[in-house]
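Comments concern the structure below.
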Amino acid sequence: MRSMSDDHTHVQEFFGARAADWDSRFPDDGPAYAAAVGDLGLRAGDRVLDAGCGTGRALTPLRAAVGPSGVVVGVDLTPAMLAAAVRAGRDRAGRLVLADVTALPFRSASLDAVFAAGLVAHLPRPEENLGELARVVRPGGTLALFHPIGRAALAARQGRQVTPEDLRAERNLGPLLAGSGWRMTSYADEDARFLALAVRET
């Protein structure tokens with residue numbers, strides 16, 4: 001059985017090796033990110049976390065949504081991904097923090113929303129880790145679990161089959177979120193995107 005530190009090392013190695021050309025491999029994802037951020041329902045002045053922000057592709061639409069009075073923070077475990085975000089100039093849209101989403105350096109209930117692209121599959125202890133995201137969000141705050149392509153399209157890209165055990169399947173994700181302090185409010189799994197929205201329970 002792998003330890004959590006082994007999981008972290010694997011994630012850092014996987015994404016560190018791909019950081020330099022990540023954006024060029026997926027150049028058309030921008031509109032899907034912007035649309036998903038729009039569905040999160042952010043308001044001017046909100047405080048939002050991009051959990052597992054990678055190269056920061058969500059930071060610019062998040063900043064546009066919360067305006068200059070809002071707070072945008074991107075957290076990632078992989079230094080090379082954050083360096084790529086800086087090279088792309090996305091650090092101007094939000095503060096970048098090298099940290100682990102399973103142990104966030106934020107006060108409880110200090111944020112209004114979390115945006116998480118492609119994160120769920122990389123969480124070592126999904127229910128516990130989604131609970132950590134819930135900890136930092138105020139009651140009534142929101143969560144977006146996003147991927148710029150749907151589960152079937154992603155599996156085909158990776159040369160695998162979608163399995164019933166997939167955490168992102170609706171019948172698995174709803175109870176998983178409910179067990180970690182969230183209530184799923186909408187679910188879309190289409191070729192062009194995956195987006196599950198949830199509200200932080202009181």
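The values are calculated or read from the model by the stated rules, or taken from the named source; none is laboratory data. Not measured: the values here are computed from a predicted model. Every residue, glycine as well, gets a Cβ built from its backbone with ideal geometry; the counts of neighbours run over all protein chains shown. Note: accessible area is taken over every heavy atom of the protein model, side chains too, but ligands, DNA and RNA are not part of it. Shrake-Rupley method; radii C 1.70, N 1.55, O 1.52, S 1.80 Å.
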Checklist entry - Where in region 138-202 are there GluC sites (Glu not before Pro) that are in a DSSP coil and have at most 11 other Cβ atoms within 10 angstrom of their Cβ? => result Glu165
Next on the checklist: Less than 17 Å from a label point 7 Å out along the Cα-to-Cβ axis of Glu201: which backbone N atoms in region 112-137 qualify, by residue?
Outcome noted: 126-137
Next on the checklist: I need the Debye-formula profile for region 80-196: one equal scatterer per C-alpha, no solvent, reported as log10 I(q)/I(0) at q = 0.18, 0.20 1/Å, two decimals.
Outcome noted: -1.05, -1.22
Next on the checklist: With an 8 Å Cα cut-off and a minimum separation of 6 or more residues, compute the relative contact order for the chain in percent.
Outcome noted: 19
Checklist outcome for this item: With all protein chains present and a 1.4 Å probe, the order of Val97, Val71, Val114 from largest accessible area down is Val71, Val97, Val114
Checklist entry - Dividing the convex hull volume of the Cα atoms of region 21-112 by its residue count, what figure in Å³ per residue is obtained? => result 90
Checklist entry - Val86 versus Thr185, label points 7 Å from Cα toward the beta carbon: distance in nm? => result 3.6
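Could you work out how much longer the chain between Arg171 and Leu98 gets when fully extended? Use 0.36 nm per residue separation minus the Cα distance between them, nm to one decimal.
Difference between extended and current length: 23.0 nm.
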Checklist outcome for this item: Placing +1 on each Lys and Arg Cβ and -1 on each Asp and Glu Cβ in the chain, then taking the dipole about the Cα centre, the residue among Pro68, Thr142, Leu154 whose Cα reaches farthest towards the positive end is Pro68
Next on the checklist: Suppose all protein chains stay in the model; what accessible area per residue would a 1.4 Å probe give for the chain, in Å²?
Outcome noted: 47
